[in-house]
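A quick write-up on the structure given underneath.
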Amino acid sequence: LNREHPHEAREKLAAATADAASISPRDRLLVDVLNVAIARRHGQASDLMMAWQESRHCLLRTRFDLYTFPLLGELVVCATKTGDLALVEGHLHGALAIDEALGSPPLWSVHLRWAGIQQAILLDRPESLTPHARALLAAASSNKLAAKMARAGRVWTDVMTGVVDPDSVEKAAFGLGTAGLAWD
């Protein structure tokens with residue numbers, strides 16, 4: 001998915017899930033999130049809505065943990081784009097509380113924080129972006145991905161306020177692309 005080969009991702013996902021009866025609930029969550037991620041990055045709005053409708057059920061029975069925080073991040077962005085934010089807000093707040101209780105280890109927190117930044121941007125709530133941006137900035141000195149996300153978040157915030165520096169935008173986009181986040 002992060003290599004920008006959606007057809008290959010769909011084919012491999014279909015092959016891996018050919019025997020749907022043997023898929024565990026945790027793997028079902030992964031399949032649902034991958035379908036949402038592919039639709040969000042490479043489909044039409046209708047594809048995203050369909051993938052979201054098919055995946056919503058996973059939120060009703062999932063308890064997110066450190067290993068599933070990146071999956072939750074994807075669902076937060078999707079729920080925000082589809083106007084179904086209420087379904088994920090409790091999960092996001094719970095995950096952020098776990099993250100903070102553990103001292104915000106970058107390995108686990110950067111994707112959650114990035115989702116929080118995207119959510120604030122999609123909702124046009126720059127004030128909601130601040131805690132996520134601060135967390136990424138705090139992690140930037142010891143985590144390359146956090147540094148790239150913090151840089152991109154800063155540029156994104158500038159663009160939201162009408163300050164557009166094409167060179168900064170291009171550098172931030174390239175940085176995200178080198179981390180497998182070209183779509184972002």
*For labels at A21 and L60 in the simple 7 Å Cα→Cβ model, what's the distance in nm?*
2.4 nm
_Per residue, how much accessible surface does the range 10-50 expose to a 1.4 Å probe? Answer in Å², no decimals._
59 Å²
*Among D32, D165, D84: highest mean-square fluctuation, GNM of the chain, C-alpha pairs under 10 Å*: D165
*Taking the Cα atoms only, what angle lies between the long axis of helix 45-60 and the longest principal axis of the chain, rounded to 10 degrees?*
80 degrees
*What angle do you read, to the nearest 10 degrees and between 0 and 90, between the alpha-carbon axis of helix 166-178 and the longest principal axis of the chain?*
40 degrees
*Over the chain, with every protein chain in place, what whole percent of the accessible area is carbon and sulfur at 1.4 Å, could you tell me?*
56 percent
*How big is Rg to Rh over the range 1-142, alpha-carbon atoms, Rh as the Kirkwood inverse-mean-distance radius?*
0.97
*All other residues with a Cβ under 12 Å from the Cβ of V36 taken together, and with Lys, Arg as +1 and Asp, Glu as -1, what is their net charge?*
-1
*For the range 92-102, what does the Karplus curve 6.51 cos²θ - 1.76 cosθ + 1.60, with θ = phi - 60°, yield as ³J(HN,Hα) per residue in whole Hz, taken in order and with x for Gly and Pro?*
5, 4, x, 5, 5, 5, 4, 4, 5, 5, 8
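What is the sum of charges, Lys and Arg at +1 and Asp and Glu at -1, for the other residues whose Cβ falls under 14 Å from the Cβ of P105?
Working: positive: R113; negative: D65, D99, E100.
Charge balance in the 14 Å sphere: -2.
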*Determine the per residue accessible area of the range 55-135 with all protein chains present and a 1.4 angstrom probe, expressed in square angstrom.*
46 Å²
*Points 7 angstrom from Cα along the Cβ direction at A45 and A97: gap in nanometres?*
3.5 nm
*Which of these, A16, A39, A95, has the largest mean-square fluctuation under a Gaussian network model of the chain (Cα springs below 10 Å)?*
A16
*Could you run the Karplus curve 6.51 cos²θ - 1.76 cosθ + 1.60 with θ = phi - 60° over the range 65-71 and give me ³J(HN,Hα) per residue in whole Hz, x for Gly and Pro?*
10, 3, 6, 9, 4, x, 5
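The values are calculated or read from the model by the stated rules, or taken from the named source; none is laboratory data. Note that the structure is a prediction, hence the values are computed from the model and not measured. Methodologically, a virtual Cβ is constructed for each residue, glycine included, from the backbone with ideal geometry; neighbour enumeration extends over all protein chains shown. Each accessible area value is taken on the protein alone, full model and side chains, heavy atoms only, with ligands, DNA and RNA left out. Shrake-Rupley method; radii C 1.70, N 1.55, O 1.52, S 1.80 Å.
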